[in-house]
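The values are calculated or read from the model by the stated rules, or taken from the named source; none is laboratory data. Everything quoted here is computed from the prediction, not taken from an experiment. Cβ atoms come from the backbone with ideal geometry, glycine included; neighbour counts cover every protein chain shown.
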Amino acid sequence: MKKTLFLLLTIAIICQSCLSGRNSQSLSDEALLDTVELYTSRYFTEFINPANGLARERDNWELHGDIVTTGGTGFGLMAIVAAAERQYIPREQAVAQLDNITRFLDRVERFHGAWAHWYASETEQAYPFSKYDDGGDLVETAFLTEGLLVVRQWLQNSEVEAERVVAERADKLWKEVEWDWYTQGTDSLYWHWSKNYGWKMNHRIKGFDECFITYVLAAGSPTHPISRNVYEACYKNSSYYYNGKSYYDIPLSLGMEYGGPLFFTHYSWLGLNPNGLTDGEVNYFERNRAHALIHYHYALENPKGHKGYGANLWGFTSSDDALVGYCSHHPGTEDENGTVSPTAAVSSIVYTPEQSMAVIRHLYEDLGGQLFGEYGFYDAYNPSLPEDKQVVRHYLAIDQGPIVVMIENYRSGLIWNLMMQAPEIQTGLARLGLRYE
């Protein structure tokens, strides 16, 4: 049955490419989501470094070296679990890849338990993300750990010994992260540490953004926890934490102007379920939904008059850009230059199902020949540009991962359910003063 579906989907894509931009086949919502999830998951099950199983940073790796990414691999770990549960790949294949990944993570150099942002596949050495960022990256480590906990929960009660071994290794790796060491003994949590440059970057993790999961994990660690005071004094103590304004009559409790790029509502929430989560003042699901809806209404208003913006084309985040390379796109900034990143609206489906489905259907049925390739939707689209420059035909791990995971959470809640079964997550939330209502 699955092989038949796979063949039909493959034929559909081939036909779609021949139609010069329009896919005449109209799929049901479920079939369309299945198609997008299946193809996008291949980035993490097929387009991987074969030696270690980790996610490559991007698909045009030949130009940059074969660099594997830790945060993107964290998203990939969750995508692999979803792919196995959907039977896109055999469970045995998934477990073998997870075994390979966790073995690599266990043998590479770490920095007080934290992994580097990137590693070079051939040497297995940390690869500098920037001049001083050549060591521990606590936020990327959090994204990776998010995936490790999902893997542990998925496999730990298995009757198959090889699966339990992977779960035990994932558990060991998570418990070795020294979250408390990254406070420098202060009331702040710091993003980077390098054995060559020490705390040179001095970047405090603060303000409502993609880093929320870092504090939940750090507070919930059974081996190296931080105190709630670090969360209150650092993360919540910034000029862009509280908002309190309304945009298009939509109140936004937390975050910068217009909420910032949409990955703020994705990365931490791939495993952490926002439904019903509150600190007594903020309902996190409603906050994230408001952020997505503000982007939607911004596209409807289209104050800069960009071509194509509307109910079927909205959503702005950090991604590739045909004009300036990788950068952040979001309302209220000069970088909002007409570029729409498919991952933004697609990964928001848990918050805005109707609005996101409209974008998915438009991108696939009307623009599929341009925008849909071997691993799903390409990274960026700007219809304001000449036709031959509109699409950035590349993929990034950190953009493909949220598409798979959030579609799966929308369809079944699988990744949320696994993550929230971890007792350390409940501990971390409680220590930060959060609860479910």
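Tabulated values for the structure
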| quantity | calculated |
| --- | --- |
| Restricting the stretch 150-163 to residues that are within 23 Å of TRP416 (Cβ to Cβ) and out of contact with any Phe, Trp or Tyr (no Cβ under 9 Å at 6 or more places or on another chain), the residue that is surrounded by the fewest Cβ atoms within 10 Å (Cβ to Cβ) | ASN157 |
| Pairs, first in contact (Cβ under 8 Å) with a residue 60 or more places away in the chain in the stretch 123-141, second among the charged types (D, E, K, R) and surrounded by fewer than 24 Cβ atoms within 10 Å (Cβ to Cβ), C-beta under 6 Å, six or more apart | TYR132/LYS200; GLY135/LYS195 |
| Subset tally (residues that are surrounded by 17 or more Cβ atoms within 10 Å (Cβ to Cβ) and out of contact with any helix residue (DSSP H, G or I) (no Cβ under 6 Å at 6 or more places or on another chain)) for the stretch 109-137 | 16 |
| Answer from THR333, THR352 - the residue that is free of Cβ contacts under 8 Å to residues at least 12 places away in the same chain and more than 25 Å from LEU149 (Cα to Cα) | THR333 |
| Residue list for the stretch 63-108, filter: more than 16 Å from ILE48 (Cα to Cα), β-branched (Val, Ile, Thr) and buried (at least 22 other Cβ atoms within 10 Å of the Cβ) | none |
| Pairs where the first residue, in the stretch 264-289, is over 26 Å from THR73 (Cβ atoms) and the second is among the polar types (S, T, N, Q) and in a strand (DSSP E or B), C-beta under 6 Å, 6+ apart | VAL282/SER253; ARG287/SER253 |
| The stretch 306-352: number of residues that are at pLDDT below 90, aromatic (Phe, Trp, Tyr) and farther than 21 Å from LYS389 by Cβ | 0 |
| Test: residue in the stretch 96-105 that is on the phi < 0 side of the Ramachandran plot and part of a strand (DSSP E or B) | no |
| Subset of the stretch 261-302 that is acidic (Asp, Glu) and closer than 23 Å to GLU232 by Cβ - its residue that is surrounded by the most Cβ atoms within 10 Å (Cβ to Cβ) | GLU286 |
| Which numbered condition ALA299 misses (of (1) assigned to a loop (DSSP other than H, G, I, E, B); (2) more than 22 Å from the chain's Cα centre (by Cα); (3) farther than 30 Å from TYR215 by Cα) | (1) |
| Near pairs, Cβ below 6 angstrom, 6+ apart or cross-chain, from the stretch 26-40 (in contact (Cβ under 8 Å) with a residue 12 or more places away in the chain and crowded, with 17+ Cβ neighbours inside 10 Å) to any residue that is polar (S, T, N, Q) and not in a loop (DSSP other than H, G, I, E, B) | THR40/GLN400 |
| Inter-residue pairs, beta-carbon under 6 Å, first in contact (Cβ under 8 Å) with a residue 60 or more places away in the chain and in the stretch 376-398, second of a type in the set (Asp, Glu) and outside any loop (DSSP other than H, G, I, E, B), 6+ apart | ASP379/ASP399 |
| Unmet criterion (only one of (1) buried (at least 22 other Cβ atoms within 10 Å of the Cβ); (2) more than 21 Å from TYR436 (Cα to Cα)) for TYR231 | (2) |
| Residue under evaluation ASP335, criteria (1) more than 17 Å from the chain's Cα centre (by Cα); (2) part of a helix (DSSP H, G or I), criterion not met | (2) |
| Per-region count, the stretch 144-173, residues in contact with a helix residue (DSSP H, G or I) (Cβ under 7 Å, 6 or more places away or on another chain) and not in a helix (DSSP H, G or I) | 2 |
| Residues satisfying the stated conditions in the stretch 240-263, i.e. farther than 30 Å from MET78 by Cα and in a helix (DSSP H, G or I) | GLU257 |
| Single unsatisfied condition, SER188 versus (1) surrounded by 17 or more Cβ atoms within 10 Å (Cβ to Cβ); (2) outside any helix (DSSP H, G or I); (3) touching a Gly at 6+ places or on another chain (Cβ under 7 Å) | (3) |
| Total residues in the stretch 57-74, condition out of contact with any His (no Cβ under 9 Å at 6 or more places or on another chain) and either among the hydrophobic types (A, V, I, L, M, F, W, C) or at pLDDT 95 or above (or both) | 7 |
| Top-ranked residue of the stretch 303-325 - restricted to ones that are of a type in the set (Gly, Ala, Ser) and surrounded by fewer than 17 Cβ atoms within 10 Å (Cβ to Cβ), ranked as nearest to the chain's Cα centre (by Cα) | GLY325 |
| Selection count where residues are of a type in the set (D, E, K, R), outside any strand (DSSP E or B) and at pLDDT 95 or above, scope the stretch 125-143 | 3 |
